[in-house]
Ligand SMILES: Cc1cc2nc3c(=O)[nH]c(=O)nc-3n(C[C@H](O)[C@H](O)[C@H](O)COP(=O)(O)O)c2cc1C
């Protein structure tokens, strides 16, 4: 079983990383983490190559990631919320999924044939609704054919309560790992 994780946090030992560690401690199989802040993947430049051609004209780390997306059994998107959205660098990396949208809509192909399970971990300092971030990650997961989704893990008030003092939150993370493990 292969799990691909998109991590949108700039903090290596931050709140998202803490929940990701708990998730990995209960996950079976292989996994690969894409750190959006490491800058290996450039944003989509809307060159429109993918309106007619599969893949992407930009030759960078995304070429390997396209292969990993195809092979994955599960995809997790884990990100803090910045100004009510997932972080800019994660949006930048995932803008390269535009080739899948164009595959479906313009090229009339099925760009990601293998269906996957999808998971969501979102973290924010305050307690406002997370609807905007949730809508975005659901759309991104659907674009990667990861429509069978586990219960989203939404960690609010991270600025006040550290994740290790939040037993229900940790249980939600473990439950998400078990959902992926079910095969
Ligand atoms: C630039 C920036 C914007 C933020 N915007 C929000 C926000 O809109 N709502 C919120 O509740 N928290 C917001 N936060 C707080 C973060 O979501 C919070 O500190 C989170 O736990 C950071 O996660 P991390 O440690 O995994 O990076 C923001 C933080 C930063 C640095």
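The values are calculated or read from the model by the stated rules, or taken from the named source; none is laboratory data. Please read these numbers as outputs of a predicted model, since none were measured by experiment. We place every Cβ from the backbone using ideal geometry, glycine too, and count neighbours over all the protein chains shown.
Answer yes if at least one residue in the range 97-114 is surrounded by fewer than 23 Cβ atoms within 10 Å (Cβ to Cβ), at pLDDT 95 or above and within 25 Å of residue 175 (Cα to Cα), and no otherwise.
yes
Residue 8 passes all but one of (1) within 18 Å of residue 182 (Cα to Cα); (2) within 14 Å of the ligand (Cβ to nearest atom); which number fails?
(1)
Looking at 84, 79, can you tell me which residue is buried (at least 20 other Cβ atoms within 10 Å of the Cβ) and under 22 Å from residue 9 (Cα atoms)?
79
Taking only the range 147-163 into account, find how many residues are outside any loop (DSSP other than H, G, I, E, B) and in contact (Cβ under 8 Å) with a residue 40 or more places away in the chain.
3
Is there any pair with a first residue in the range 94-123 that is farther than 29 Å from residue 38 by Cα and a second that is in a helix (DSSP H, G or I) whose Cβ atoms are under 7 Å apart and which are 6 or more apart or on different chains, and what are they?
Within 7 Å, the pairs are 106/51; 109/103.
For residues that are out of contact with any strand residue (DSSP E or B) (no Cβ under 9 Å at 6 or more places or on another chain) and surrounded by 17 or more Cβ atoms within 10 Å (Cβ to Cβ), tally how many sit in the range 62-76.
The first filter runs over the range 62-76 and keeps only residues out of contact with any strand residue (DSSP E or B) (no Cβ under 9 Å at 6 or more places or on another chain), leaving 62-64, 66-67, 70.
Retained after the next criterion (residues that are surrounded by 17 or more Cβ atoms within 10 Å (Cβ to Cβ)): 62, 66.
Here the count works out to 2.
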